[in-house]
Amino acid sequence: MAALTAAIPSAPGPAARRRGVAAVRCCSSSAADERQALFSRIAPVYDHLNDVLSLGQHRTWKRICVSWSRAKRGDRVLDLCCGSGDLAFLLSQKVGLDGQVMAVDFSSQQLQTAASRQDQRWKPCHKNIKWIEGDALDLPFVDCYFDAVTVGYGLRNVVDKPKAMREIFRVLKPGSRASILDFNKSSSLFTTSLQSWMIDNVVVPLASGYGLTEEYKYLKSSILQYLTGKELEELAKEAGFSAAKHYELGGGLMGDLERCDQNQTPEIKSGTVKYQHAGNI
């Protein structure tokens, strides 16, 4: 806990302490507040809908994201925009009891869900996860603090993406890697049309059964406003990374941006995950 205390400038409130969630002051804007409220509303059914809508494929994509972060035993790692904790749990197994996982999200409800899942899991390594309510644009950590950073379906929802990129670069140790998984904004008309059709005819109708029609309609507009793989590579380099490569997954429906510092070139990966359904938000 000493490392956590040193990294976080403000103490958690009583409610947060009860669930093992540390709270820090977050910057606020109307757009950010709206997105925070959206993810808080979907928190109770988020994991279930992800499994149903992707036919479980999101778990494969998340394992790839964690693998490409190069996190290893004993590392201190950050899972940014951690949601209900899928990547954080995978990272905890990578770094082991000698390592530490800081899992940050702006939704207290998502973090409460993650903390509850942690309580229900039996693996000792999951004790190395610290849940932190915080802002991706103002991370509560000193420079060069982490050995790896992952972001799963989060960067697309951040209001100021360049600033978030700079924060990721700032908190990474020199030579370390960041792995960012999200929907792919494809340049292929076929892929874009398929993605749009799936959201309109599969994702939103299923979400409507949970009273979340408007929340999942947001998915389509968020992808349209997101960056292409090439634009993400450029954004990473502008933030300070010396190398960045975006890889398409799931038949081009998903993508993972791998970034590294100190002129380390990302490895070329072989193979892709076949597309089934697209359902994360």
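The values are calculated or read from the model by the stated rules, or taken from the named source; none is laboratory data. Treat the numbers as computed from the prediction; the structure is a model and nothing was measured. For neighbour counting, all protein chains shown are included, and Cβ atoms are generated from backbone atoms with ideal geometry for every residue, glycine included. To get the accessible areas, we keep the full protein, side chains included, count just its heavy atoms, and leave off ligands, DNA and RNA. Shrake-Rupley method; radii C 1.70, N 1.55, O 1.52, S 1.80 Å.
Quick look at the numbers
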{"item": "Some residue of segment 117-130 being buried (at least 24 other Cβ atoms within 10 Å of the Cβ), outside any helix (DSSP H, G or I) and not aliphatic (A, V, I, L, M)", "result": "no"}
{"item": "Residue satisfying all of: in segment 246-267; among the charged types (D, E, K, R) and open to solvent by less than 10 Å² (accessible area, probe 1.4 Å); modelled with the highest pLDDT among these", "result": "ASP256"}
{"item": "Pick from segment 208-226, criterion closer than 13 Å to ILE42 by Cα and assigned to a helix (DSSP H, G or I), ranking: most open to solvent (accessible area, probe 1.4 Å)", "result": "GLU214"}
{"item": "Candidate set from segment 186-195 (those that are touching a residue at least 60 places away in the same chain (Cβ under 8 Å) and within 17 Å of LEU232 (Cα to Cα)); member that is least open to solvent (accessible area, probe 1.4 Å)", "result": "SER186"}
{"item": "Selection count, segment 160-179, where residues are under 23 Å from GLY85 (Cβ atoms) and either modelled with pLDDT under 95 or among the β-branched types (Val, Ile, Thr) (or both)", "result": "2"}
{"item": "Members of segment 37-66 that are closer than 23 Å to ASP256 by Cβ and among the small types (Gly, Ala, Ser)", "result": "SER54, GLY56"}
{"item": "Hey, GLY229 under 22 Å from the mean Cα position of the chain (by Cα), surrounded by 18 or more Cβ atoms within 10 Å (Cβ to Cβ) and not hydrophobic (A, V, I, L, M, F, W, C) or not", "result": "yes"}
{"item": "Qualifying residue in segment 98-112 (condition: open to solvent by 40 Å² or more (accessible area, probe 1.4 Å) and closer than 25 Å to GLY255 by Cβ)", "result": "yes"}
{"item": "Subset of segment 123-138 that is of a type in the set (A, V, I, L, M) and in contact (Cβ under 8 Å) with a residue 60 or more places away in the chain - its residue that is nearest to LYS62 (Cα to Cα)", "result": "ILE132"}
{"item": "Single match in SER92, SER108 (criterion: of a type outside the set (Val, Ile, Thr) and under 18 Å from SER69 (Cα atoms))", "result": "SER92"}
{"item": "Residue within segment 30-48 that is outside any helix (DSSP H, G or I), open to solvent by less than 30 Å² (accessible area, probe 1.4 Å) and either within 11 Å of PHE106 (Cα to Cα) or modelled with pLDDT of 55 or more (or both) present", "result": "no"}
{"item": "Subset of segment 153-185 [of a type in the set (Phe, Trp, Tyr) and in a strand (DSSP E or B)]", "result": "PHE183"}
{"item": "Residues located in segment 173-185, provided they are open to solvent by 40 Å² or more (accessible area, probe 1.4 Å) and within 20 Å of the chain's Cα centre (by Cα)", "result": "LYS173, LYS185"}
{"item": "Given (1) open to solvent by less than 60 Å² (accessible area, probe 1.4 Å); (2) without any contact (Cβ under 8 Å) to a residue 24 or more places away in the chain, index of the condition ILE168 fails", "result": "(2)"}
{"item": "Residue list for segment 136-157, restricted to those being crowded, with 19+ Cβ neighbours inside 10 Å, over 23 Å from GLN93 (Cβ atoms) and of a type outside the set (A, V, I, L, M, F, W, C)", "result": "PRO140, ARG156, ASN157"}
